[in-house]
Amino acid sequence: MKILALDISSAEGGVAVAVDGEITDVRRLDVPRGRGAEVFSALEELRPAWEGLDRMAVGIGPGSYNGLRTACALAESFQRALGIEIVAAPSPCLLDVREERYFAAGDARGGMVYLAEVEHRCLRGEVRLIKRDEFFQMADGVSPAPIFRVGVIAGAEKLFAARPDAVVLARLAPSLIPLSTGRLSPIYLKPPHITTPRVG
């Protein structure tokens, strides 16, 4: 099985290709706020590696609104154009760490932090939004599992940083259940901020 995996939910994204369980190609990407055009260049550059693919896997966040929209639109375009299978996984489950159980935390803006508990690459419960004060109390206390910081959380620099990894996703993809066309949806924790024009 040939798999193309993509996660651009954070500022450090990636694309990976796996063939029969072996990673054959990887590209690391800088995608600040999901706006990097690098992902399109990487897909074009890797085209010889992923041509004839059977399945595309995408990280669905939470994370950058722009990044998640881009990743899901790309996956659905591939599904419709190539007739391939699409699978998805929450991005906190894809961190480049060895621990079997951990917490993933990221800045959700507006004085909030998202927190996800992961075990064996699966979410335990829902991804939660918590206030920064509550998060720092947890981070300073005794946690039942390591806490990894995804991206920058001001004041939490002492936490080990980690990022969703397309390689982890490519290895996980064969075990995921394919989605029907139009069923791919990102994990949004808050409605998108949209600036409306002033009247008058």
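The values are calculated or read from the model by the stated rules, or taken from the named source; none is laboratory data. Given the structure is predicted, the values throughout are model-derived calculations rather than measurements. Counting neighbours? That spans all protein chains shown, and the Cβs are built from the backbone with ideal geometry, glycine included.
What to note about this one:
- Candidate set from region 133-191 (those that are more than 19 Å from the chain's Cα centre (by Cα) and in a helix (DSSP H, G or I)); member that is surrounded by the most Cβ atoms within 10 Å (Cβ to Cβ): Phe135
- Selected residue (criterion: surrounded by the most Cβ atoms within 10 Å (Cβ to Cβ)) from residues of region 64-85 that are touching a Phe, Trp or Tyr at 6+ places or on another chain (Cβ under 8 Å) and under 22 Å from Arg163 (Cα atoms): Leu68
- Any hit, region 134-148, residues being touching a residue at least 12 places away in the same chain (Cβ under 8 Å) and in contact with a helix residue (DSSP H, G or I) (Cβ under 8 Å, 6 or more places away or on another chain): yes
- Qualifying residue in region 52-61 (condition: more than 17 Å from Ala16 (Cβ to Cβ), hydrophobic (A, V, I, L, M, F, W, C) and out of contact with any Phe, Trp or Tyr (no Cβ under 9 Å at 6 or more places or on another chain)): no
- Scanning region 1-11 for residues that are more than 10 Å from the chain's Cα centre (by Cα) and of a type outside the set (A, V, I, L, M, F, W, C) turns up just one, Lys2.
- Qualifying residue in region 59-79 (condition: in contact with a strand residue (DSSP E or B) (Cβ under 6 Å, 6 or more places away or on another chain) and among the polar types (S, T, N, Q)): yes
- Search result, residues across region 75-89 that are within 14 Å of the chain's Cα centre (by Cα) and either in a strand (DSSP E or B) or not assigned by TED's automatic domain parsing to the domain that holds Pro62 (or both): Val87, Ala88, Ala89
- Here Ser10, Ser41 are screened, and the one residue that is buried (at least 24 other Cβ atoms within 10 Å of the Cβ) and either of a type in the set (S, T, N, Q) or outside any helix (DSSP H, G or I) (or both) is Ser10.
- From the list Gly125, Gly61, Gly52, the lone residue that is modelled with pLDDT of 95 or more, surrounded by fewer than 22 Cβ atoms within 10 Å (Cβ to Cβ), assigned by TED's automatic domain parsing to the domain that holds Ala18 and part of a loop (DSSP other than H, G, I, E, B) is Gly52.
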